[in-house]
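Chemist: Have a look at this one before I ask anything.
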Amino acid sequence: MVAMKLMNLRALIAAIEEGSLRAAGKRLGVSQPALTKLIRELEKELSTTLLTRSTTGVIATAQGMAMYERAVAAERELAQAVEQVRQLGGHMTGRLTIGAVPLAVMLLVPETLRTFGSAFPGLQLHIVEELYIAQLTRLRKGEVDIALGPLPEELPRGEFVIESLMPISMVAVARKGSPMARLRSLHDLAHAPWVYTGASADAGHAGYVKTLFAQHGLPPPPAGAVVNSTLGLLSIVASGKCVGLLPRQIASHPMAKPYLDTIALHEGTLTLTLGALTRIKTHLNPSVRHFMAHLHRAAHQLSKQPLA
């Protein structure tokens, strides 16, 4: 049985991340020979080479990178377990990482942070703004505690705890004053270039555009551009000849409204649900549950506000 210690794993993590045994030793507060010994002990136990050494530093072998990824995950899980134990004992300290789509960051997160931060000043909050597909990857790895975004239609049963927060209406938008803003039918926009959001026109928010058209028996429109952020979508639509699909709350936000026109389609909007996902093993953490309660409160307050 492998009897590796946490310090050995931390030595490997530091060496790979720093790219230098000397820098890794300084990071951990040990001498370079001591750090080298820790890594060699690990290599001996695993009967493999984890690092390739050269005059310029060290890099991970394939085996080293595999071990590094598991070691990072193990250290993260241990830190989360320590925080959970302390929180269950009434000590609400630690760090909570939230992955959120731009809509949540702009509207839902600020009110949640205001009330949650006042109630639990000892908890450090870290907000990561990303597309939802990237958030799910981070959630699976344990890099975020809660993911906020439109709930996917298909998720493996039992993988996440899912809580609905509020409805989202996705509306078509065009540049302010654009002739396309006066169109009223998806048929009229079927040949217009659309901005797709994601790694490609087949991923990410591109699915929302395709879903909207498919609901009305139409093939997906052409991709005029593919971007990986809502800010990119806003910039391209506001300055060019493309059409985009955005949550109504963003399209009507004071930061976007001066540059965009919402297209009043006869077919209406695409309705989604903004929700929160947590991993089953972290769902009962006191900090996660308290944050979820404040999320629901903020969503309720926001849903009562009229759109601009």
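The values are calculated or read from the model by the stated rules, or taken from the named source; none is laboratory data. Everything numeric here is computed off the predicted structure, so don't read it as measured data. Using ideal geometry, Cβ is built from the backbone for each residue, glycine included, and neighbour counts are taken over all protein chains shown.
Chemist: Looking at (1) farther than 21 Å from Tyr132 by Cα; (2) part of a strand (DSSP E or B), can you tell me which one Leu277 breaks?
Modeler: (1)
Residue-wise test of (1) crowded, with 18+ Cβ neighbours inside 10 Å; (2) modelled with pLDDT under 70.
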| position | (1), (2) |
| --- | --- |
| Arg70 | no, no |
| Ala74 | no, no |
| Ala79 | no, no |
| Arg86 | no, yes |
| Gly90 | no, yes |
| Arg95 | no, no |
| Gly99 | yes, no |
| Met106 | yes, no |
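Chemist: Specify the residue that is modelled with the lowest pLDDT; the eligible residues are those in segment 207-236 that are among the small types (Gly, Ala, Ser), closer than 24 Å to Lys176 by Cβ and within 19 Å of the chain's Cα centre (by Cα).
Modeler: Residue satisfying both the conditions and the ranking: Ser229.
Chemist: Can you pull out every residue in segment 113-128 that is in contact with a strand residue (DSSP E or B) (Cβ under 6 Å, 6 or more places away or on another chain) and surrounded by 19 or more Cβ atoms within 10 Å (Cβ to Cβ)?
Modeler: Selection gives Leu123 alone.
Chemist: To continue, here is another question. Can you go through Lys281, Lys241 and tell me which one is surrounded by fewer than 19 Cβ atoms within 10 Å (Cβ to Cβ) and either of a type in the set (A, V, I, L, M, F, W, C) or in the same structural domain as Arg182 (by TED's automatic domain parsing) (or both)?
Modeler: Answer to the selection: Lys241.
Chemist: Hey, among Tyr132, Tyr208, which residue is within 30 Å of Tyr68 (Cβ to Cβ), crowded, with 17+ Cβ neighbours inside 10 Å and among the hydroxyl-bearing types (Ser, Thr, Tyr)?
Modeler: Exactly one of Tyr132, Tyr208 is within 30 Å of Tyr68 (Cβ to Cβ), crowded, with 17+ Cβ neighbours inside 10 Å and among the hydroxyl-bearing types (Ser, Thr, Tyr), namely Tyr132.
Chemist: Shifting gears a bit: How many residues are in contact with a strand residue (DSSP E or B) (Cβ under 8 Å, 6 or more places away or on another chain) and surrounded by fewer than 17 Cβ atoms within 10 Å (Cβ to Cβ) if we restrict to segment 19-44?
Modeler: The number of residues fulfilling the criteria is 2.
Chemist: Consider only pairs whose beta carbons are under 7 Å apart and that are at least six residues apart or on different chains; among these, list those whose first residue lies in segment 119-137 and is more than 30 Å from Thr197 (Cα to Cα) and whose second residue is of a type in the set (A, V, I, L, M).
Modeler: Listed by first residue and then by second, the contacts come to Phe120/Met92; Gly122/Met92; Leu123/Met92; Leu123/Leu96.
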